[in-house]
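Please treat every number below as a calculation from the coordinates, not as lab data. It should be emphasised that the depicted structure is a prediction, and the values quoted were computed from it without experimental measurement. FYI the Cβ positions are ideal-geometry reconstructions off the backbone, even for glycines, and counts take in every protein chain you see.
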Amino acid sequence: MKRGIVRYLTLSVMLTGLWSCGTVTEQKDGAPRVKPDVANIPDAVPRDEPRSKYGNPASYEVFGKRYYTLASSDGYVERGKASWYGTKFHGRRTSSGEPYDMYAMTAAHKTLPLPSYAEVTNLDNGRKVVVKINDRGPFHDDRLIDLSYSAATKLGIVAKGTGNVEVRAITQRNVTASANNASPQTVAKAIPAANTVAAPTSTMGKVVLFLQVGAFSTMSRAEQIKQQVQQQIEERVHISTVERSQSPLYRVRVGPFESAEYGERIASRLMDLGFSETRIVTE
């Protein structure tokens, strides 16, 4: 995570005056007050995308150092330090022009093409994630990649701030080769059934967020909490039932929200009202 250093790119990088994650500010970076359930946030799915019209110059200069962007991510593998960025830059424009979403599985890299995809492995604990690289940075000599809050949480590096990682680029050729080498049974399992219902997403392709106020073993208790929450807010409150082998679990949820900022405001309000178990989840 960056401390005291503003994420910054010269105008020559963005060509249109955009720079990585915003402008000079004294706001401190950090984790969101309401922690998301990262177990329900899927990794980025590699796919063919055109190169961004922003953030892909042949070279650019930051803090007096010149960087040369790669024409292709094919074969890229490197080890180094990973850091992360969170609330300070949430919602601001990245170098590719997309808004930064700390709940999405994304990352910043100094030279890989925008966008590109990479598998990031925490060398200290073996955890792996797949991220979409849509931003430039981190501009520290000892840092290789800057991860979104969710990606860093999945890898287990949020508490320390940095971690030792391996970054391995994933290209469409890698994905195609893996599919061709997979057994028919494996491929069949990877293809969803025709009646599978996909998780709700916004028109921008982002995961839609919910707030989970609590999970209860009885419907009566869930209904009681639902009524209490509904008296405090105008948003939709509902009960989601999870079937388990022993007994169902009744989850009281609010939403969905397409805006993480709005969801966080509602979550903070609920926590202030005493619903201390409120957290952000996805479906």
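So the values come out like this:
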item: Partner aspartates and glutamates for K128 [C-alpha distance under 12 Å; skip if fewer than 8 residues away on the same chain]; result: D43, E119, E166
item: Rule-of-thumb Rg ratio for the stretch 93-156 [Cα; 2.2 N^0.38 Å; N residues]; result: 1.04
item: Cα-only Debye scattering, the stretch 38-123: base-10 log of I(q)/I(0) at q = 0.12, 0.20 Å⁻¹; result: -0.41, -1.22
item: Radius of gyration and Dmax over the Cα atoms of the stretch 11-176, both given in Å; result: 14.8, 45
item: Hydrodynamic radius (Kirkwood) for the stretch 209-282, which is based on Cα pairs only, to one decimal in Å; result: 12.3 Å
item: Neighbour-limited loop hits for trypsin sites (Lys or Arg not before Pro), the stretch 221-283 (at most 16 other Cβ within 10 Å; DSSP other than H, G, I, E, B); result: R236, R244
item: Selection of GluC sites (Glu not before Pro), the stretch 231-260, meeting DSSP coil and at most 12 other Cβ within 10 Å; result: E234, E243
